[in-house]
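Chemist: Okay, here's the structure, questions in a sec.
The values are calculated or read from the model by the stated rules, or taken from the named source; none is laboratory data. What you are looking at is a predicted structure, and each value in this text was computed from that prediction instead of being measured. Counting neighbours? That spans all protein chains shown, and the Cβs are built from the backbone with ideal geometry, glycine included. The accessibility values were calculated without ligands, DNA or RNA, using every heavy atom of the protein model including side chains. Shrake-Rupley method; radii C 1.70, N 1.55, O 1.52, S 1.80 Å.
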Amino acid sequence: MSTSGEELTCEDLKKVLANGKVTIIDVRKPAELEKGKIEGSINIPVDNVKEAFSLNPGDFEGRFGFEKPSLTATLIFHCQMGRRGANATAIARQLGYTSAQNLKGGFGEWVREEQQ
């Protein structure tokens, strides 16, 4: 995979999705989701990432409707172009999520790749 540790390409994400368990966190604002979303992604706006991933597991699940990922889980963050996803990835890594990565180019790049 052509990753730089904290970042992966759309091609890499497709491989990860095909191979198993991954949690995709869309950090765009809810209104931005009208542009579309990556199937299976969960929306946690970037301004809420630190608070969300600091919650205890029960509160996290109650608020977001899915089990809080473990610190070693594969987490992929993305926004529209990549900057907010990179910020969210840095926050998650600071909180101990060692396998957190940002989708290079964000949802915009994902859409371009899917149209090819």
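Chemist: Within the range 49-116, list the chymotrypsin sites (Phe, Trp or Tyr not before Pro) lying in a DSSP loop whose Cβ has at most 13 other Cβ atoms in a 10 Å radius. Could you put the intermediate results ahead of the total?
Modeler: Values: sites: Phe53, Phe60, Phe64, Phe66, Phe77, Tyr97, Phe107, Trp110; in loops: Phe66, Tyr97.
Loop-located and lightly packed - Phe66.
Chemist: Which GluC sites (Glu not before Pro) in the range 14-55 sit in a loop by DSSP (not H, G, I, E or B) and have at most 15 other Cβ atoms within 10 Å of their own Cβ? Walk me through the intermediate numbers first.
Modeler: Details: sites: Glu32, Glu34, Glu39, Glu51; in loops: Glu39.
Here the GluC sites (Glu not before Pro) that fit, given the DSSP loop and packing criteria, are Glu39.
Chemist: How big is the dipole moment of the range 13-99 about its Cα centre under a simple scheme where the beta carbon of each Lys and Arg is +1, that of each Asp and Glu is -1, and everything else is neutral? Debye, nearest 20, please.
Modeler: Computed about the Cα centre, the dipole is about 360 debye.
Chemist: Right, here's the next one. Determine the gain in length on full extension of the stretch Lys29-Gln116; use 0.36 nm per residue of separation and subtract their C-alpha separation, reporting nm with one decimal.
Modeler: 28.7 nm
Chemist: Using the Karplus equation 6.51 cos²θ - 1.76 cosθ + 1.60 (θ = phi - 60°), what ³J(HN,Hα) coupling, rounded to whole Hz, does each residue of the range 17-25 give in order, writing x for Gly and Pro?
Modeler: Whole-Hz 3J(HN,Hα) from phi for the range 17-25: 4, 6, 8, x, 6, 8, 10, 9, 10.
Chemist: While we're looking at this one, here's another question. Collect residues whose amide H, placed 1.01 Å from N in the peptide plane, falls under 5 Å from the amide H of Glu7; neighbours closer than 5 in sequence don't count.
Modeler: So Glu7 has HN proximity to Asn102.
Chemist: For the chain, with a Gaussian network of springs between Cα atoms less than 10 Å apart, report the residue from Asn56, Asn87, Asn102 with the top mean-square fluctuation.
Modeler: Among Asn56, Asn87, Asn102, the largest mean-square fluctuation in the Gaussian network model of the chain belongs to Asn56.
Chemist: May I pose another question? Under a 1.4 Å probe, what is the accessible area of the chain per residue, stated in Å²?
Modeler: 56 Å²
Chemist: Treat each spin label as a single point 7 Å out from the Cα along the C-beta direction, and report the Leu55 to Arg93 distance in nm.
Modeler: 2.5 nm
Chemist: Quick one: with all protein chains in place, what share of the accessible area of the chain is carbon or sulfur, to the nearest percent (1.4 Å probe)?
Modeler: Numbers: 3100 of 6500 Å².
Percent of accessible area from carbon and sulfur atoms in the chain: 48.
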